[in-house]
Amino acid sequence: MREKMKEIALRIKELRELSDISTEEISDYLGVRVEEYQKYEEGDVDISASILFEIAHKLGVDMGLLLTGEETRMHIFTVTRKDKGVEVERRKQYKYQNLAEKFIHKKAEPFIVIVEPRTGVDKPSTNSHPGQEFDYVLEGEMKFYIHDNEIILEEGDSIFFDSSYEHAMEALNNQPAKFLAIIL
């Protein structure tokens, strides 16, 4: 996984430099410190799928290019077979599987996300990103944290929210939770 992270980091750095975008400009766009962004480009820290989505947007490329190094080509449709999406394990508590990495000019990024149960008692670490997000619980139960709210979501429940607010998910009942996430 570390090797894949380094490959993604190298693609990001090369594309940023080719686009003549400074590290200050892109870190400001992402709302992170320059030092944190530089760690992304060095492959030293995990990059969340939502941050990858925003980097792709800023660089004017599809996220699939960052993930795979291949230019996306599909413009009518793309099929992703069960369990065959490109895996993005960018954050410790979540495992992402991109469901449309080959489709060009997407207006959203769809993922299957698995949240593993945690052992700690503290609230899970939060993240935020520009835009909106839709999450639909496929399996299990999870607690959803957003802007001082805690919401229990069960199989079949969904939530649509402004993802610029800090948010996190936590699996309940010592079982993984699996959900469809669409980042807009």
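The values are calculated or read from the model by the stated rules, or taken from the named source; none is laboratory data. In this text, all values refer to a predicted model and were calculated from it rather than measured experimentally. As a convention, Cβ positions derive from the backbone with ideal geometry for all residues, glycine included, and neighbour counts pool all protein chains shown. Heads up: the accessible areas ignore ligands, DNA and RNA and are worked out on the full protein's heavy atoms, side chains in. Shrake-Rupley method; radii C 1.70, N 1.55, O 1.52, S 1.80 Å.
Among residues belonging to segment 36-62 that are part of a helix (DSSP H, G or I) and more than 17 Å from E17 (Cα to Cα), point out the one that is modelled with the highest pLDDT. The qualifying residue modelled with the highest pLDDT is E36. Quick check on segment 114-133. Is at least one of its residues in a strand (DSSP E or B) and open to solvent by 60 Å² or more (accessible area, probe 1.4 Å)? The answer is yes, given that some residue of segment 114-133 is in a strand (DSSP E or B) and open to solvent by 60 Å² or more (accessible area, probe 1.4 Å).
Out of the residues in segment 8-53 that are of a type outside the set (S, T, Y) and open to solvent by less than 10 Å² (accessible area, probe 1.4 Å), which is farthest from K107 (Cα to Cα)? Here the residue is G43. Whether a residue is touching a residue at least 24 places away in the same chain (Cβ under 8 Å), at negative phi and in contact with a His (Cβ under 6 Å, 6 or more places away or on another chain) was assessed, and E54 passes this test.
Going through (1) at pLDDT 80 or above; (2) basic (K, R); (3) open to solvent by less than 80 Å² (accessible area, probe 1.4 Å) one by one, R91 falls short only on (1).
Among the residues making up segment 147-170, those that are surrounded by 17 or more Cβ atoms within 10 Å (Cβ to Cβ) and either acidic (D, E) or modelled with pLDDT under 95 (or both) are S163, H167, A168, M169, E170.
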